[in-house]
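The values are calculated or read from the model by the stated rules, or taken from the named source; none is laboratory data. Since we're looking at a predicted model, the values are computed, not measured. Glycine also receives a Cβ, built like all others from the backbone with ideal geometry; neighbour counts cover every protein chain displayed.
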Amino acid sequence: MQKKERQALIVEEVRTNRNVSSSVLAEKLQVSEDTIRRDLNDLDRKGLVMKVHGGAVSTIQRLYHYNEDVIFNKESKAIIAQKSNSIIKDGMVAIISGGTTNLMFAKQLPKDLKATIYTYSFPIAMQLSEHPSVEVIFLGGKINKKSMVTVGVDVVQSLSEIIADVCFIGVSSINLPNGLTDEGYEISLIKKVMIKASDKVVALATSNKLNLRQNYSVCDLKEINTLVTELDLNEPKLQDYLSTGLQIL
């Protein structure tokens, strides 16, 4: 069986069953699991399936239910989410950016929370739809298919008209001289507008994002009100940040 034909069968299998394991695919197609893993990596890069631990899920499933198997460093992100829950209160208007740390935060919000939350992330919007007392406002625009967020002028325009109590920003990288930076220009621009629209800025960062810098500036450290990490406050990695007066949870 040729590679192109085999991959077409894999795509059809995943779309039919929504999710499938590498071992099942290997048995059905009579090839090794290593071959299947290479095929899944290739198909994931093309956006035809979403590779997860042990197999793949459909891109439709990615939209409606973000499989937790794809969340790297899940335990640390769960700790950050738990710490962040104390910040958002009933009656607040909040903005949540994309990313799996913020997805975990949305998942752990109290079920009785009464708030209005804006987001441009499909997975987060779908997760928030499970909270009965949260009014969810999804900001439409051009879809970034890899990260499943909307970007572009429509998102920026919508955010510029919001007056929010707090925004929760997922962190791609943060360091002392440069503050928050991001790998993508469009996302960095959206985050800048989020910050401008909000009275309080909360940055959610796993410790592997500390002391890094990427190409596009988001904001200075002084523009952040609270940094939330999974670390204890006595961790050496946090001491330089604490010395600036930044509140850290």
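Before moving on, here are some points about what is shown:
- Residue in region 178-186 that is farther than 29 Å from L242 by Cα and either modelled with pLDDT of 90 or more or among the β-branched types (V, I, T) (or both) present: yes
- Any chance L159 is within 25 Å of I79 (Cα to Cα) and of a type in the set (A, V, I, L, M): no
- Selection status of A164, modelled with pLDDT of 95 or more, within 15 Å of T101 (Cβ to Cβ), of a type in the set (G, A, S) and surrounded by 15 or more Cβ atoms within 10 Å (Cβ to Cβ): no
- Scanning region 8-42 for residues that are crowded, with 20+ Cβ neighbours inside 10 Å and in a helix (DSSP H, G or I) yields I10, V14, S22, L25, I36, D39, L40.
- Hits in region 227-237 (condition: free of Cβ contacts under 8 Å to residues at least 12 places away in the same chain and part of a helix (DSSP H, G or I)): P236
- The criterion of at least 2 residues that are touching a residue at least 40 places away in the same chain (Cβ under 8 Å) is met by the following strands (runs of 3 or more DSSP E) wholly inside region 97-210: 164-170, 173-175, 179-182, 198-204.
- Among the residues of this structure, G91 counts as one that is more than 13 Å from the chain's Cα centre (by Cα), assigned to a loop (DSSP other than H, G, I, E, B), outside the structural domain of V49 (by TED's automatic domain parsing) and at pLDDT 95 or above.
- Residue match in region 57-68 (condition: closer than 22 Å to A203 by Cβ, of a type outside the set (S, T, N, Q) and modelled with pLDDT under 95): yes
- Under the condition of being at pLDDT 90 or above and within 27 Å of R45 (Cα to Cα), the residues counted in region 134-148 number 2.
- For Y241: the one exception among (1) more than 15 Å from the chain's Cα centre (by Cα); (2) surrounded by fewer than 19 Cβ atoms within 10 Å (Cβ to Cβ); (3) of a type in the set (S, T, Y): (2)
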